[in-house]
1. Could you tell me whether region 535-623 comes out rounded, prolate or oblate from its Cα gyration tensor? Rule is a ≥ b ≥ c as square roots of the eigenvalues, rounded for a/c under 1.5, then prolate if a/b exceeds b/c, otherwise oblate.
2. I'd like the accessible area for V343, computed on protein heavy atoms only with a 1.4 Å probe and all protein chains in place. Round to 10 Å², please.
3. Could you run the Karplus curve 6.51 cos²θ - 1.76 cosθ + 1.60 with θ = phi - 60° over region 606-623 and give me ³J(HN,Hα) per residue in whole Hz, x for Gly and Pro?
4. So which chymotrypsin sites (Phe, Trp or Tyr not before Pro) in region 279-325 end up in coil per DSSP with only 15 or fewer other C-beta atoms within 10 Å?
5. Working out 0.36 nm times the residue gap between A71 and N598, then minus their Cα-Cα distance, what length gain in nm do you get to one decimal?
6. Give a residue-ordered list of calculated ³J(HN,Hα) values for region 45-57 (Karplus: 6.51 cos²θ - 1.76 cosθ + 1.60, θ = phi - 60°; whole Hz; x for Gly, Pro).
7. What FRET efficiency do you get for S257 and D284 if R0 is 30 Å and r is their Cβ-Cβ distance, rounded to the nearest 0.05?
8. For the chain, what % of the accessible area comes from carbon and sulfur atoms, probe 1.4 Å?
Amino acid sequence: MSIPMPRRKTLIVAASATVLAAAVVITAPQAFAAGESVNVYLTTTSDSGGRTVTRGLQQQTPISFASSSGAGNQTISVNENTTYQPFEGAGASMTDTAAFDLKGSGALSAATQNDVLTKLFSNSNGIGVSALRNVIGSSDLAQNNFSYDPTCCDVNDFALSRDADVMALTKQAYGLNPSMFVMGSPWTAPTWMKDNNAYSQGYLQAQYYKAYAQYFVKYIQGYQAQGVPIKYVTEQNEPGCCAGYPSMQWAVSGLQSFAKNDLLPALQSAGLNTKLLIGDWNFDTYDQWVAPLVADSAIRNHPNFGGIAWHDYGGNPSTASTVHNQYPSVNAYMTEHSGGTWVGNQHADDMGDLIDYFRNWGRSWTKWSLAVDESMGPHNGGCGTCTGLVTVHRNDGRRGQVDYTVEYYTMGHLTKFVKPGAVRIDSSANSTVPNVAFKNSDGSKALIAYNTSGSTQSVKVNWGGQSFTYSLPTKTSATFTWSGTPGSGGGTGTDRTGAITGLGGKCLDVTSGSTTNGNQPQLWDCVSGSTNQQWTVGADGSVKGLGKCLDVAGNSTSDGAAVHLWDCFSTVASQKWTASGGTLINTVSGKCLDVKDNNSANGAKLQIWSCTGAANQKWQVPA
C-alpha cells in the first residue's frame with residue numbers, strides 16, 4: 001500500500017451515474033408491490049473516530065411497504081428497472097500477516113480459528129465475504145521478505161511452500177463461500193530479476209520479463225492445483241511506490257510492454273482464464289500510469305484483459321466514472337483502501353467508500369489486510385498503523401481472543417446481503433443519507449445507506465408505487481432488504497430500457513457518447529453493454545439516451561428535419577414519440593424516425609420523414 005493520506009469525507013454521488021445505465025435488462029412486472037416486508041440491519045458507533053461499535057449489523061423489527069407511509073425529511077427512490085454493473089464480490093487481503101495471526105502464530109485454537117473464518121466467509125453464519133486479494137510474494141504486511149523462487153536465473157525452482165498458511169486459509173474460505181473470487185497482486189519480483197538485487201525498489205530487468213510472466217503462470221497454476229482458482233491478477237501493486245518495504249519501480253513503457261508482449265500472451269498460452277487488471281494504484285495516478293495501457297487496443301482487446309484496478313489513497317472515485325464513460329467495456333475493481341489509525345472516522349470512511357465505489361461503476365471492493373494483531377502487525381516496513389476486519393490478540397493478556405472491528409460490520413452491510421451475480425440498481429442520490437442499491441439474482445433487493453448528519457433522519461424510501469419511512473439514527477449505517485416485484489412505481493414502472501435496433505440490425509447510438517445539446521445520434525454496430533446504445537422509452541413518450549431526449553431540431557415538422565439530442569422538457573411536443581407497428585412516430589408531426597438516405601453504414605444520421613413503411617423506418621424498441 002502507499003503512504004496513507006486522509007481523503008475527502010464528502011461522499012461522491014455523481015448525478016451522471018443515474019443516467020449512464022449499462023447492460024440494462026427490463027422485464028415486465030408480474031404484480032404490483034403489495035406491503036412487502038422489509039428487514040432492517042443497523043450498525044451504530046458512539047465515538048468521534050467511528051470505531052466503538054454499540055450495535056453491529058443488529059436486526060431491527062421488520063417494517064413494511066405501504067401505499068402511503070407518510071412524509072420523511074430525506075427521500076430515496078429505488079428503481080430496479082434501471083440497472084448498472086454486476087457485483088462480483090467484496091472482502092480484503094489474506095496477507096502473510098493475516099495468515100500468521102490467524103493460523104501460523106498458534107495464538108488461536110483450532111476452534112477459534114474456524115469460528116473466525118466462519119464469521120467472515122459463511123453466507124449463513126457470517127457476513128459472507130466474497131473476495132480475497134492475496135499478495136503474490138511478500139509485502140509490507142508480512143513477517144519478512146520472501147519470494148517463491150529466490151534462485152537465479154529461471155523459475156524452475158518455483159515453490160509455494162512459503163504460502164502454506166495463506167493457502168490453507170484461502171482454501172478454507174473458498175470452501176465456506178464457493179461463490180467468492182481470489183485475485184493475486186505482486187509487490188515485487190524476485191530480487192535476482194531486478195537491477196538492484198533487492199526486495200525494495202529497483203526495476204525489473206527486461207531480460208527477465210518472460211521469466212517473470214511465467215512466475216505469474218506458476219502462481220496461478222499452483223493455487224488452481226489446490227482447488228483455488230485465481231480469477232484476476234494485477235500487474236504490479238502501486239508501480240511508482242514506495243521505499244522501505246517490498247516494492248518495484250517501473251517505467252510506464254515497461255508496464256505496457258510487459259503486459260502486451262509477455263504477461264497477457266503467457267496467460268493465454270497456458271490456457272488460463274485468469275484476467276489481468278492494470279493500474280492497481282490511486283485514482284489520481286490514472287493519467288500517468290494507466291491511460292497509456294488502456295488506450296493500447298492490443299491490451300484492451302486481449303481475451304485475458306480484465307479491466308482496471310483502483311486504490312483510494314489519492315484522487316476521487318469519480319475518476320472511475322470518467323474512465324467508464326470513455327471505455328464502457330473496461331471494468332472497474334476497487335482493490336485497496338486500508339483502514340487505519342490515520343482515518344478520522346472509520347465508520348463514515350468505510351460507508352463513504354462502499355457507496356462511492358459502487359456508484360462509480362466498481363464491480364468489487366477489497367480492503368487491505370483481513371486481520372492484524374493488537375499491535376497492527378506483524379509488518380515488514382511500510383504500514384504499521386493499518387487495521388483489519390478482525391484483530392487477533394497474540395502478545396497481550398487477551399492472547400487467543402479476537403475482536404471484530406467496525407470494518408467487519410461495514411463490510412457486512414454489503415457482503416451479507418449482496419451476493420456475486422447481483423446488479424446495482426438505481427437509487428436517488430442524497431447527500432445527507434448517501435446510499436446504493438442492488439438486486440440479487442433471486443430478485444431480493446438491498447438498499448445500503450448511512451446517516452452523515454448529527455441527528456436522526458426520517459428517511460422515506462419509494463419503490464413500486466409504495467414506500468416506507470424509517471427513522472435512521474445519527475452515526476448509523478443501515479441495510480434494508482426486501483423481495484417482491486415492483487408495480488407502477490419502482491421509479492418508472494412502464495418505462496422500458498435497452499437497445500433500439502434499426503436498419504441492417506444496427507443500434508441507435510449516441511455519437512461519441514456526447515451529451516452536448518444538438519448531438520445527432522447515429523446508427524452503429526451494436527456493442528454489448530455500451531451505455532451509448534442504452535435507451536429508455538418512457539411512459540411519458542420520451543426516448544432518452546445518456547439522460548438526453550430524442551428531439552427534432554427547431555421543433556420542425558418538415559420532411560428531412562434533423563433528429564438530435566437535447567435537454568428533456570416534459571412540455572416540448574417534439575420530444576414525444578409513439579412506438580407503433582415497428583416504427584417510432586414523432587407525436588407532434590406524425591412523421592417517422594428515418595435513417596437518412598437509407599444508409600446502413602456506421603455513422604448514418606437520422607431525420608423525420610413521412611411514414612412509408614420502408615426498412616429505414618423500422619425500429620425494434622425494448623419490450
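The values are calculated or read from the model by the stated rules, or taken from the named source; none is laboratory data. Fair warning: this is a prediction, and the values are worked out from it, not measured in the lab. Reconstructed Cβ throughout: ideal geometry from the backbone, glycine too, with neighbour counts over all protein chains shown. These accessible areas exclude ligands, DNA and RNA; they are computed on the full protein's heavy atoms, side chains included. Shrake-Rupley method; radii C 1.70, N 1.55, O 1.52, S 1.80 Å.
1. Details: a/c = 1.40, a/b = 1.30, b/c = 1.08.
It is rounded, given that a/c, with a ≥ b ≥ c, falls under 1.5.
2. V343 exposes around 10 Å² with every protein chain in place.
3. Whole-Hz 3J(HN,Hα) from phi for region 606-623: 10, 8, 9, 7, 3, 5, 10, x, 5, 4, 7, 10, 9, 9, 9, 9, x, 6.
4. On the way: sites: W281, F283, Y286, W289, F305, W310, Y313; in loops: Y313.
Passing both the DSSP loop test and the Cβ count: no residue.
5. Working: separation 527, 0.36 × 527 = 189.72 nm, distance 5.33 nm.
Answer, rounded to one decimal: 184.4 nm.
6. The phi angles translate into 10, 10, 9, 5, x, x, 10, 8, 8, 8, 8, x, 6 Hz.
7. Values: r = 24 Å, r/R0 = 0.80.
After rounding to 0.05, the efficiency reads 0.80.
8. Values: 10310 of 21150 Å².
Carbon and sulfur atoms account for 49 percent of the accessible area of the chain.
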